[in-house]
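Here's the structure we're looking at; comments come further down.
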Amino acid sequence: MQVPYLPSSKTQTQNVMNLLHGRRGRLVDLGSGDGRLVFAASAAGLRCTGYEINSILTTSARVRAWLRGVPPGSATFVSEDFWKTNLSDYNNVTVFLAPGVMDVLGEKLLKELPDEARVVACRFPFPHWPFSASEGQGLDQAWAYDMGAVRGHLLQTLYTTAKGI
Ligand SMILES: C[S@@+](CC[C@H](N)C(=O)[O-])C[C@H]1O[C@@H](n2cnc3c(N)ncnc32)[C@H](O)[C@@H]1O
């Protein structure tokens, strides 16, 4: 499924950053566009990578990183399809994609991310995951999911269904 480019608004970016407050380590933005979420997260001290399939947007993000003087290693832009990338090295993930991909993306993240990872979804929540926190409303709303809690909830649901409770 094609996901069009639509940049995060300032409010949406702030909502994402509120949900990442206090987080450390590595972050990946899946479909990083012009890099705005990556720049906000790297300014907060996270080591960030943006995957972007549109090479014009990747080039634009790299130029913007250079113009801003972003230190090498704190914001990296990769011109690749994130579906083909293993995400197990990341403990923070941001996504602003489309409703039709959230279910299948959830399966990939469940397979690859560590329990301590936090996923922040913009505008389109994961349909069957319990969220730990949410910020904003309407088109700018964002949801945070903690992978350990998501796995616990899904296992409990499976158990309850299997027992017919
Ligand atoms: C809605 S935009 C969000 C851009 C940016 N994250 C932001 O918040 O401003 C989604 C981006 O995902 C990119 N994208 C879609 N599918 C992708 C894929 N499989 N691999 C890498 N990038 C992808 C699109 O090209 C588009 O730039």
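The values are calculated or read from the model by the stated rules, or taken from the named source; none is laboratory data. Quick caveat, the model's predicted, so the values are computed rather than measured. No Cβ is skipped: glycine too gets one built from the backbone with ideal geometry, and neighbour counts run over all protein chains shown.
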Can you find even one residue in segment 132-142 that is part of a helix (DSSP H, G or I) and farther than 13 Å from Val16 by Cβ?
yes
Which of the numbered conditions does Glu112 fail, given that it passes all the others? Conditions: (1) within 16 Å of the ligand (Cβ to nearest atom); (2) within 19 Å of Ala40 (Cβ to Cβ).
(2)
What about Gly45, is it modelled with pLDDT of 95 or more, at positive phi and surrounded by 23 or more Cβ atoms within 10 Å (Cβ to Cβ)?
no
Selection count where residues are touching a residue at least 12 places away in the same chain (Cβ under 8 Å) and either of a type in the set (A, V, I, L, M) or crowded, with 19+ Cβ neighbours inside 10 Å (or both), scope segment 77-125
27
Would segment 141-156 turn up any residue that is of a type in the set (Lys, Arg), touching a residue at least 40 places away in the same chain (Cβ under 8 Å) and at positive phi?
no
I'd like to verify a number: residues in segment 24-42 that are surrounded by 20 or more Cβ atoms within 10 Å (Cβ to Cβ) and either in a loop (DSSP other than H, G, I, E, B) or away from the ligand (no atom under 14 Å from the Cβ) (or both), how many?
5
Could you grab me the full set of residues in segment 53-99 that are near the ligand (Cβ under 10 Å from one of its atoms), over 13 Å from Asp34 (Cα atoms) and assigned to a strand (DSSP E or B)?
Thr94, Val95
Assess whether Leu19 counts as being surrounded by 17 or more Cβ atoms within 10 Å (Cβ to Cβ), under 18 Å from Ser134 (Cα atoms) and either more than 12 Å from the ligand (Cβ to nearest atom) or not basic (Lys, Arg) (or both).
yes
Find all pairs meeting these conditions: Cβ atoms under 7 angstrom apart; at least six residues apart or on different chains; first residue within segment 21-37 and acidic (Asp, Glu); second residue within 6 Å of the ligand (Cβ to nearest atom) and assigned to a loop (DSSP other than H, G, I, E, B).
Asp34/Pro7
Collect the residues in segment 1-16 that are of a type in the set (A, V, I, L, M, F, W, C) and either in a helix (DSSP H, G or I) or more than 7 Å from the ligand (Cβ to nearest atom) (or both), keeping them in residue-number order.
Met1, Val16
Looking at Thr76, Thr59, Thr160, which is the one that is of a type outside the set (D, E, K, R) and touching a helix residue (DSSP H, G or I) at 6+ places or on another chain (Cβ under 9 Å)?
Thr76
